[in-house]
1. Before we move on, is residue 192 under 17 Å from the mean Cα position of the chain (by Cα) and more than 16 Å from ligand 2 (Cβ to nearest atom)?
2. Of all residues in region 1-23 being in a strand (DSSP E or B) and more than 13 Å from residue 70 (Cβ to Cβ), which is nearest to the chain's Cα centre (by Cα)?
3. Give the residues of region 56-90 that are away from ligand 2 (no atom under 16 Å from the Cβ), of a type in the set (A, V, I, L, M) and crowded, with 16+ Cβ neighbours inside 10 Å, sorted by residue number.
4. Among the aliphatic types (A, V, I, L, M), within 19 Å of the chain's Cα centre (by Cα), more than 28 Å from residue 245 (Cβ to Cβ) and surrounded by fewer than 24 Cβ atoms within 10 Å (Cβ to Cβ): does that describe residue 53?
5. Within region 239-262, which residues are touching a residue at least 40 places away in the same chain (Cβ under 8 Å) and either surrounded by fewer than 24 Cβ atoms within 10 Å (Cβ to Cβ) or farther than 30 Å from residue 303 by Cβ (or both)?
6. When region 169-193 is examined, which residues are found to be surrounded by 15 or more Cβ atoms within 10 Å (Cβ to Cβ) and not in a loop (DSSP other than H, G, I, E, B)?
7. Which is charged (D, E, K, R), loosely packed, with under 15 Cβ neighbours inside 10 Å and closer than 18 Å to residue 209 by Cβ, of 105, 101, 94?
8. Give just the number: which of (1) away from ligand 2 (no atom under 16 Å from the Cβ); (2) buried (at least 24 other Cβ atoms within 10 Å of the Cβ); (3) of a type in the set (A, V, I, L, M) does residue 24 not satisfy?
Amino acid sequence: MVKLVVTFLGTSAAAPTAHRGLPAVAIRREGEVVLMDCGEGVQRRVLSESLGLGGDMTVLITHLHGDHVTGLLGLLQTMSLAQRRKPLNLVGPEKLLKWLEVTAELLHVGLTFPIRFSSARPGVVLRTGAFRIRAARAAHSIEAFSYVVEELGRPGVFYPEKAKSLGVPEGKLWSRLQKGRQVTVAGKRIEPSRVTGPPRPGRKIGYSGDTRPSGRLARFFSSSDLLIFDSTFKDSERDKAVERKHSTSLEAAELAKKAKARQLVLTHFSARYTSVSGLVREARRVFPNTIAASDGLSIEVAYPEIAAR
Ligand SMILES: [Zn+2]
Ligand SMILES: [Zn+2]
């Protein structure tokens, strides 16, 4: 099984604490990294988690509040000092590119690699080697997006007996069929669908960024294997969540339930909570498979059919 690992680099809300850095989450699959939000100092966390500065990377920015974006310039600068050459995919609100261009110019930051920018909008925003990335509008105090990072579908289960009965010799040709590719045996073309089951869905990670819950997001995150959701406040402070356009842990749990997510991870905690166990307890009453993110936490996401066993 190809490993898919989600690592939390920063889990605080706007004010960091001694134990929580500003928001950033990394998804890693084989050589590819998707980084969601770039809180200040993110490049140190990228180094300490060995995510690499020169590899295939896509950065998704949810919105232009400082806590989610100020780390981006530092990350790009560190990559340039490391002589990165590969293009970097960047997705975010339209004004992100303007902010980057202005600050990079004022600070005389020259990049050693190109940036491929895609402006976030509802729908599919990018396809990478391993993932399809979709965005939806979040409900925050400024323009903001939520993202779903979905692993590209896998070919179906391979049935060796069927391959044998069609005269396909074991070895290279089997492996081609397993990867969903056609083969030719004794001049006859054999489609992979004749020896495999139906294609299986890939794993799906949802990331809310800062937002109020909404029906639209519940639909957007439907059947996520892992849902990472704004949990700035405890439900007793819902009035603050409403006013500042964030969610409470209970609201995050209600949304995860509606979306039929497999696991919920609460994050973006207000600095007022020295312990977040109360927030987790509250969420678990509605959605039992809930945990709290913490800086450095890594979660390996299993394929849905394996997790269901
Ligand atoms: Zn925030
Ligand atoms: Zn915000």
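1. Numbers: under 17 Å from the mean Cα position of the chain (by Cα): no; more than 16 Å from ligand 2 (Cβ to nearest atom): yes.
Answer is no for this residue.
2. If we take residues in region 1-23 being in a strand (DSSP E or B) and more than 13 Å from residue 70 (Cβ to Cβ), then 6 is nearest to the chain's Cα centre (by Cα).
3. Looking only at region 56-90, we keep the residues that are away from ligand 2 (no atom under 16 Å from the Cβ), and these are 56-59, 73-90.
Adding the requirement that they be of a type in the set (A, V, I, L, M) leaves 57, 59, 73, 75-76, 79, 81-82, 88, 90.
Those that are away from ligand 2 (no atom under 16 Å from the Cβ), of a type in the set (A, V, I, L, M) and crowded, with 16+ Cβ neighbours inside 10 Å: 57, 59, 73, 75, 76, 79, 88, 90.
4. Answer is yes for this residue.
5. Within region 239-262, 244, 245, 246, 254, 258, 259, 262 qualify.
6. Within region 169-193, 173, 174, 176, 177, 178, 183, 190, 192 qualify.
7. Values: 105 fails: closer than 18 Å to residue 209 by Cβ; 101 fails: closer than 18 Å to residue 209 by Cβ.
From the options 105, 101, 94, the qualifying one is 94.
8. Going through the list (1) away from ligand 2 (no atom under 16 Å from the Cβ); (2) buried (at least 24 other Cβ atoms within 10 Å of the Cβ); (3) of a type in the set (A, V, I, L, M), residue 24 breaks only (1).
Here, each number is a calculation from the coordinates, and none is a lab measurement. This one's a predicted model, so the numbers in the text were calculated from it and none came from an experiment. Positions of Cβ are generated from backbone atoms using ideal geometry, with glycine treated the same way; all protein chains shown enter the neighbour counts.
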